[in-house]
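Accompanying notes for the structure given below.
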């Protein structure tokens, strides 16, 4: 019983001290010009520090366009995935992209490459871009979009251009609450796939 009273007394003393400091701080802030000036200087210093850290983070996540072009070319040179293996390949690339993105800015490009590989074989790329926008970290998503734009601009086929238009249109209509497609609908879309080499 005595220890409970001691704990309550200590808590009351701490609470009184916090309230007294808050009252003192508010009084100084309202009445002391030098104190206000110091607060303003401190706020400016903190804002500058935050801004510098944001710039440093942006520089660390920035990827040279030439690196993106090389990665895109390497992906284009990879052998085509058979229709039977596409769903498994898609899932493995999504998992790899998520793992890489979770490791930090150094791994954003490899993560974007994995997500882009998955996007290339997905039957509804505009839908997948919408899912990426709501689930993938913004720097990685930006890299995926840049790679997609490079891919479309380097491809002269009308089908590729119409796919890009569909992707761009879908970015305006994206609902952030949509989750990944269900297995049933995903399997149905995989069944609808045809061999890209057989199309004119």
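Considering 95, 111, the condition of being without any contact (Cβ under 8 Å) to a residue 12 or more places away in the chain, assigned to a helix (DSSP H, G or I) and in contact with a helix residue (DSSP H, G or I) (Cβ under 9 Å, 6 or more places away or on another chain) is satisfied by 95 alone.
Kindly evaluate residue 80 against the criterion of being within 27 Å of residue 154 (Cβ to Cβ) and in a helix (DSSP H, G or I). Judged against the criteria, residue 80 is not a match.
Cβ-Cβ distances below 7 Å connect no pair with a first residue in the range 1-22 that is touching a residue at least 60 places away in the same chain (Cβ under 8 Å), a second residue that is exposed (fewer than 10 other Cβ atoms within 10 Å of the Cβ) and outside any helix (DSSP H, G or I), and a separation of six or more residues or different chains.
Table: residues versus (1) modelled with pLDDT under 90; (2) touching a helix residue (DSSP H, G or I) at 6+ places or on another chain (Cβ under 7 Å).
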{"residue": "91", "(1), (2)": "no, no"}
{"residue": "147", "(1), (2)": "yes, yes"}
{"residue": "157", "(1), (2)": "yes, no"}
{"residue": "168", "(1), (2)": "yes, no"}
{"residue": "178", "(1), (2)": "yes, yes"}
{"residue": "182", "(1), (2)": "yes, no"}
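Residues that are part of a loop (DSSP other than H, G, I, E, B) and farther than 25 Å from residue 78 by Cα within the range 118-139 comprise just one, 137.
Exactly one residue out of 94, 75 is surrounded by 11 or more Cβ atoms within 10 Å (Cβ to Cβ), assigned by TED's automatic domain parsing to the domain that holds residue 134, under 30 Å from residue 141 (Cβ atoms) and more than 18 Å from the chain's Cα centre (by Cα): that is 75. Would it be correct to say that residue 115 is under 25 Å from residue 73 (Cβ atoms), in the same structural domain as residue 69 (by TED's automatic domain parsing) and modelled with pLDDT of 90 or more? Criteria met by residue 115.
I'd like to check something: does the range 55-69 contain any residue that is free of Cβ contacts under 8 Å to residues at least 60 places away in the same chain, part of a helix (DSSP H, G or I), more than 25 Å from residue 113 (Cβ to Cβ) and out of contact with any helix residue (DSSP H, G or I) (no Cβ under 7 Å at 6 or more places or on another chain)? Taking every residue of the range 55-69 in turn, at least one turns out to be free of Cβ contacts under 8 Å to residues at least 60 places away in the same chain, part of a helix (DSSP H, G or I), more than 25 Å from residue 113 (Cβ to Cβ) and out of contact with any helix residue (DSSP H, G or I) (no Cβ under 7 Å at 6 or more places or on another chain).
The values are calculated or read from the model by the stated rules, or taken from the named source; none is laboratory data. Please read these numbers as outputs of a predicted model, since none were measured by experiment. For neighbour counting, all protein chains shown are included, and Cβ atoms are generated from backbone atoms with ideal geometry for every residue, glycine included.
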